[in-house]
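Some notes on the structure that comes next.
Quick note: the coordinates plus some simple rules give every number you see, no bench work behind them. Quantities reported herein were computed from a predicted structural model and do not represent experimental measurements. So basically every Cβ, Gly included, is an ideal-geometry build from the backbone, and we count neighbours across all protein chains shown.
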Amino acid sequence: MDRRSEIVHKRCICLIARDYKIEVVDNKNGALCGHYPSELVVIEGHVKGNEVVNRTHELKEMFTRARFARCRSRFVMPVLLYRNKNICRSATLATMMELYGRSGIDWFTTGGEGTAEGKQRPVEIPPMLDGASSVSEIPPATDEEWGELVTRVRKQDVQLLKTLNVKLICDLMVEKRKTKYGLQVSSSEKVDKYGRYVDFNIASIPYPGCEFFSPL
């Protein structure tokens with residue numbers, strides 16, 4: 001973040017703090033997500049109110065657990081508060097290929113010790129990586145192991161949604177699954193075959209990306 005952007009970012013935090021009780025979660029060097037700001041603002045409640053809507057210390061741990069469940073680690077993040085209800089943002093669901101890729105890279109770049117900051121061991125790692133110290137020591141993955149991490153991480157994603165008291169998911173995907181170069185790179189909650197998101201109301205609001213428009 002350059003100096004000008006940093007000044008704007010700090011002023012935005014100051015403006016939010018006038019109306020809300022806030023806590024800032026450190027995301028320096030993309031420790032949680034490389035596509036979110038270096039400081040993540042969590043609104044805990046209104047300045048003039050006594051009700052605590054979000055507890056940052058609980059959410060931070062859940063962010064770490066659920067971050068691989070979504071594309072580019074863009075986990076569910078509360079950004080606005082309306083009548084003590086969270087309005088959140090996130091990416092679409094990551095597929096098995098990305099989930100294993102990102103969790104594996106995180107494991108190798110930290111030596112199995114934790115996040116890029118080296119502060120804590122990642123909660124979810126590919127089962128076949130646990131105990132391995134080098135690429136040569138990784139045994140071939142079974143179908144069961146391929147699905148185990150997906151199940152665990154998506155359950156953490158659902159838990160995060162429920163902790164934030166999310167009831168409605170606005171699904172902007174046109175397709176059920178996004179495919180690039182023959183590989184499925186993201187998926188929608190509406191096609192989760194195990195019904196993990198059945199407790200949420202899913203509003204399909206297709207918003208086509210640039211790939212759906214022909215160049216002029």
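What order do you get for 2-15, 148-161, 29-42, 48-61 when each peptide is scored by the mean count of other beta carbon atoms within 10 Å, highest first?
148-161, 29-42, 48-61, 2-15
Per residue, the average separation of C-alpha pairs within less than 8 Å and at least 6 apart gives segment 14-91 a relative contact order of 25 percent. Legend: distances between Cα atoms for 21/60; 155/190; 28/190; 167/190; 10/167; 48/85; pairs beyond 24 Å are 28/190; 10/167.
Here's how it looks for residue 79: its modeled amide H is under 5 Å from those of 87, 88, 89, which are all 5 or more places away or on a different chain.
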